[in-house]
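Quick notes on the structure that follows.
The values are calculated or read from the model by the stated rules, or taken from the named source; none is laboratory data. Keep in mind that this is a model prediction, so the values were computed, not measured. Positions of Cβ are generated from backbone atoms using ideal geometry, with glycine treated the same way; all protein chains shown enter the neighbour counts. With ligands, DNA and RNA removed, areas are computed over all heavy atoms of the protein, side chains included. Shrake-Rupley method; radii C 1.70, N 1.55, O 1.52, S 1.80 Å.
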Amino acid sequence: MKKCSGLVIFIFATIVLGQATDPLHLVDPMIGTGSEGHTFPGATAPFGMVQLSPDTQIRPFKQSYKWAAGYRYEDSTILGFSHTHFSGAGHSDLGDVLLMPMSGDGVALEPGEPEKTGSGYRSRFSHGDEYAEPGYYRVFLQDSKVRAELTASERVGVHRYQFAEGSKEHVLLDLRSSIYNYPGKILWSRIRIRKDGTVTGMRETRGWAPGRLLFFAMRFSTVVVGHSLYNKEQDPPPYHGFSTPGDSPQDTQNIEGRALEAVFDFAPSSAPLVIKVALSPVSEENAIANMDAEVPGFDFDRVRASTQGAWREQLGRVEFHASPDMQRSLYTALYHAMMAPGTSMDVDGEYRGPDNQVHRAAGFHFVSTLSLWDIYRAEQPLMTLLEPGQRTNDFVQSLIASQQESPFGILPVWQFQGQETWCMIGYHSVPVIADAYLKGIRGYDAEAALDAMIASATYAPYGHLGSYMKLGYVPVDEDDEAASKTVEYAFDDWTIARMASAMGHGAAAAEFQKRAASWRNNFNTADGFIEPRFESGEYRKPFDPARAGAGSGFTEGNAWQYSWYQPQDEQGLINLLGSRDKLVAKLDAMFDQKVDPAMYANVEDISGMIGQYIHGNEPSHHLAYLYMYAGAPLKTQARLKQIVESQYRPAPDGLVGNDDLGQMSAWLIFTSLGFYPVAPGSNQYVLGRPFVDKAVLHLPNGKLLTIESKNLSNEHAFVKDVLLDGKSLDRAYVTHDELMKGGQLVFIFSGENDADWSRRPLRMPLSESAAE
């Protein structure tokens with residue numbers, strides 16, 4: 001779609017989509033900012049580099065989990081506004097370039113304690129004086145009496161501060177502040193005041209991604225009448241060279257060190273102070289160029305209107321008609337799903353790759369912030385429906401470039417700002433690429449992509465792949481996450497086999513098809529669970545399927561979640577269990593089990609529990625759909641209703657677990673539409689039941705896909721029939737091609753006893769094994 005003026009986009013949103021309300025007002029950025037959602041309320045552009053948002057607490061590293069996004073709804077003070085945040089991550093970093101406006105005679109240089117008013121530069125605030133919508137955030141800082149507004153373009157954050165009439169105005173820049181902080185995290189930093197008044201700088205941190213460099217440039221709409229530069233390092237190195245020119249913080253133009261702050265003073269004025277801050281992964285000069293390209297002036301409202309126009313365009317891709325609560329949850333989910341992967345290159349195409357060197361993207365936009373263990377499941381498949389063109393091609397090309405620039409020669413695992421963190425398991429860049437290729441998305445070198453996938457899957461030093469290739473499984477005497485790794489590697493291998501076969505590479509397809517069955521090597525038919533196994537071939541005893549965390553053999557879960565992770569071969573699972581009924585019994589036992597949450601007290605990211613089903617963590621996300629493979633659609637429909645009603649609501653604590661860069665949100669979007677990508681790379685979506693009265697997908701090929709629920713109510717919550725373009729489906733899935741053709745997918749609801757379609761023998765989704 002061509003870029004439009006704000007008026008045209010508003011007409012598009014209200015007339016073409018038939019919505020009576022601006023879609024921006026159907027999004028609540030506060031959803032997920034409480035409990036364990038780890039989302040932020042501040043301003044960002046769709047898939048932007050900048051996420052300008054308030055930070056309420058910066059805790060020491062081991063106390064930081066609840067503040068992974070910098071902000072927590074329960075807090076009552078704000079310590080400043082920083083320019084980088086993850087949306088829903090289960091681990092964290094960032095919080096770069098923190099600014100805080102202050103007024104009066106004295107300027108505090110320490111944040112102070114939340115419970116002690118006036119102990120530092122943080123300020124109290126009230127949610128009654130706070131407002132957020134896509135691309136815009138506003139709050140009144142009670143102690144400094146400043147109205148703070150935030151907006152952002154793709155690479156530039158813009159602040160507007162209205163100080164009290166006649167008060168002395170100051171802005172603090174604190175380069176010490178960092179999410180998931182610890183002593184020594186900041187390796188080096190710099191603040192420089194240039195002759196034209198532009199402030200530039202950088203900092204290098206050793207956090208989640210070691211050696212991460214970020215550069216910035218800052219300009220003010222009002223003349224700076226005074227400044228002070230400080231290095232607050234408590235324990236400087238024994239030798240740090242000779243001092244720079246200047247006898248005080250007030251007459252120094254440049255400062256370098258590991259604990260830098262700056263204060264900028266402005267004359268009292270009735271006009272608001274506008275500050276723009278541009279970021280760059282490459283250099284200060286590139287940050288200036290980014291600013292000049294995107295925000296040449298100080299027109300805050302123009303930037304806000306442009307970014308909100310971009311959000312209207314993105315939110316207009318899907319039209320949701322549902323109850324007010326469900327509608328708000330869904331539009332917010334769509335908003336959260338369109339934040340990452342984010343831009344990680346400058347306007348001239350330069351970016352910093354995983355080798356920490358500067359490269360230039362040729363013909364694509366380099367993107368990063370890749371939570372691949374999460375997003376390959378539903379978030380990225382959603383993008384193949386809504387953004388199959390440049391956005392998905394940019395993602396795949398960025399993955400290929402990262403593999404070619406990696407010192408290890410493998411695809412990203414969990415990357416942000418181009419830097420690898422090595423967090424989580426698997427090589428899940430692989431299904432992202434395969435899913436795109438098999439859906440016909442081809443704006444990249446497919447041979448280079450397949451080479452990168454195979455290189456990642458055969459790099460023996462990574463995640464005990466050497467043992468996996470030798471034994472057919474990862475032995476638990478080598479790796480405490482062995483069982484999880486085996487089953488996830490096997491799925492990734494299946495997607496390589498699918499893509500290699502489609503490209504005519506028969507030998508590679510055969511090799512990885514064989515590896516795709518490796519999940520069987522950890523499946524103990526004696527009790528019907530995936531179990532950790534020693535190199536000797538023996539299963540580890542004693543075995544408790546409920547054991548999770550350290551020593552369990554599993555990643556953020558246990559055998560109750562991971563035993564059913566073979567999306568490529570659920571019929572094979574049924575065969576090993578002995579029957580469809582036995583799979584149903586296993587799934588029922590998982591959902592209905594009485595569980596003491598204390599058993600997961602020392603395991604990260606465990607939340608949203610329904611028995612042993614854990615919706616707050618990704619290995620459970622496909623499980624309700626497995627009843628469909630067992631011929632029990634009524635069970636899938638009932639479980640989905642149970643999950644949706646207990647795990648999502650339009651409130652700050654409305655996400656039971658980390659949104660994980662859009663994966664939790666994408667699950668809700670797919671499920672609300674009535675289908676889910678259980679096996680990315682299969683080109684099939686397993687049917688469930690919708691949670692909307694109607695939804696219209698405005699597909700990028702110009703076609704409309706309409707999903708409609710007829711007779712849906714609490715009394716009629718089961719599917720009586722499913723019609724695709726008027727014809728009743730005799731199968732439990734729809735294909736990607738069918739969806740992209742547009743048309744109508746209608747679900748007719750009834751009471752359980754009249755749900756005829758849900759009782760029919762349906763053709764099952766793709767599975768590598770035939771029924772026995």
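Filtered by the rule that a residue be open to solvent by 10 Å² or more (accessible area, probe 1.4 Å) and either within 23 Å of the chain's Cα centre (by Cα) or within 18 Å of Cys423 (Cβ to Cβ) (or both), the stretch 603-620 gives Val603, Glu604, Asp605, Ile606, Ser607, Gly608, Met609.
For the stretch 358-386, name all the residues that are over 18 Å from Ala401 (Cβ atoms), part of a helix (DSSP H, G or I) and of a type outside the set (Val, Ile, Thr). Passing the criteria: Trp373, Asp374, Glu379, Pro381, Leu382, Met383, Leu385, Leu386.
Tallying residues that are closer than 15 Å to Tyr468 by Cβ, open to solvent by 70 Å² or more (accessible area, probe 1.4 Å) and more than 32 Å from the chain's Cα centre (by Cα) within the stretch 515-553 yields 1. Residue count for the stretch 162-175 under the criterion of being surrounded by fewer than 21 Cβ atoms within 10 Å (Cβ to Cβ) and either assigned to a loop (DSSP other than H, G, I, E, B) or at positive phi (or both): the result is 5.
Output yes when any residue across the stretch 616-623 is under 25 Å from Leu745 (Cβ atoms), part of a loop (DSSP other than H, G, I, E, B) and not small (Gly, Ala, Ser), and no when none is. There is at least one residue in the stretch 616-623 that is under 25 Å from Leu745 (Cβ atoms), part of a loop (DSSP other than H, G, I, E, B) and not small (Gly, Ala, Ser). In the stretch 644-657, the residue that is farthest from Val734 (Cα to Cα) out of those that are surrounded by 24 or more Cβ atoms within 10 Å (Cβ to Cβ) and either at pLDDT 95 or above or out of contact with any His (no Cβ under 9 Å at 6 or more places or on another chain) (or both) is Leu655.
Taking every residue in the stretch 696-708 that is among the charged types (D, E, K, R) and pairing it with any residue that is open to solvent by less than 20 Å² (accessible area, probe 1.4 Å) and not in a loop (DSSP other than H, G, I, E, B), at least 6 positions away or on another chain, the pairs with Cβ-Cβ distances below 6 Å are Glu708/Val746. Taking the stretch 51-127 as the region of interest, the strands (runs of 3 or more DSSP E) fully inside it that hold 2 or more residues being under 22 Å from the mean Cα position of the chain (by Cα), in contact (Cβ under 8 Å) with a residue 60 or more places away in the chain and within 26 Å of Leu370 (Cα to Cα) are 51-55, 80-82. Within the stretch 127-151, being over 22 Å from Gly32 (Cβ atoms) and touching a helix residue (DSSP H, G or I) at 6+ places or on another chain (Cβ under 6 Å) holds for one residue alone: Phe140.
If you go through the stretch 176-199, how many residues are among the polar types (S, T, N, Q), under 26 Å from Gln415 (Cα atoms) and either open to solvent by less than 30 Å² (accessible area, probe 1.4 Å) or over 28 Å from the mean Cα position of the chain (by Cα) (or both)? Result for the stretch 176-199: 3.
Only residues that are free of Cβ contacts under 8 Å to residues at least 60 places away in the same chain and either of a type in the set (Lys, Arg) or in a helix (DSSP H, G or I) (or both) were counted across the stretch 494-512, and they come to 10.
Among residues belonging to the stretch 438-457 that are surrounded by fewer than 17 Cβ atoms within 10 Å (Cβ to Cβ) and not hydrophobic (A, V, I, L, M, F, W, C), point out the one that is farthest from the chain's Cα centre (by Cα). The extreme case among them is Glu447. Just one of the listed residues (Asp348, Asp325, Asp355) is among the charged types (D, E, K, R), assigned to a helix (DSSP H, G or I), out of contact with any Leu (no Cβ under 6 Å at 6 or more places or on another chain) and surrounded by fewer than 20 Cβ atoms within 10 Å (Cβ to Cβ), and it is Asp325. Among the residues of the stretch 218-245, the ones that are closer than 30 Å to Phe298 by Cβ, open to solvent by less than 40 Å² (accessible area, probe 1.4 Å) and out of contact with any Asp or Glu (no Cβ under 6 Å at 6 or more places or on another chain) come to 5 in all. Could you list all residues from the stretch 64-91 that are in contact with a helix residue (DSSP H, G or I) (Cβ under 8 Å, 6 or more places away or on another chain), farther than 21 Å from Ala45 by Cβ and buried (at least 22 other Cβ atoms within 10 Å of the Cβ)? Of everything in the stretch 64-91, just one residue is in contact with a helix residue (DSSP H, G or I) (Cβ under 8 Å, 6 or more places away or on another chain), farther than 21 Å from Ala45 by Cβ and buried (at least 22 other Cβ atoms within 10 Å of the Cβ), namely Gly90. Of all residues in the stretch 624-645, those that are without any contact (Cβ under 8 Å) to a residue 40 or more places away in the chain have Cβ atoms under 7 Å from Cβ atoms of residues that are in a loop (DSSP other than H, G, I, E, B), 6 or more apart or on another chain, in Ile643/His615. When the strands (runs of 3 or more DSSP E) confined to the stretch 224-296 are screened for residues that are farther than 30 Å from Arg147 by Cβ, those reaching at least 2 such residues are found at 254-257. Quick one: is Leu573 in a helix (DSSP H, G or I) and more than 30 Å from Gln327 (Cα to Cα)? When the stated conditions are applied, Leu573 passes them. Determine, yes or no, whether Gly211 is touching a residue at least 12 places away in the same chain (Cβ under 8 Å), buried (at least 20 other Cβ atoms within 10 Å of the Cβ), closer than 26 Å to Gly48 by Cβ and small (Gly, Ala, Ser). So Gly211 fails the test. Against the list (1) of a type outside the set (Val, Ile, Thr); (2) modelled with pLDDT of 95 or more; (3) touching a strand residue (DSSP E or B) at 6+ places or on another chain (Cβ under 6 Å); (4) open to solvent by 10 Å² or more (accessible area, probe 1.4 Å), the condition Gly120 fails is (3).
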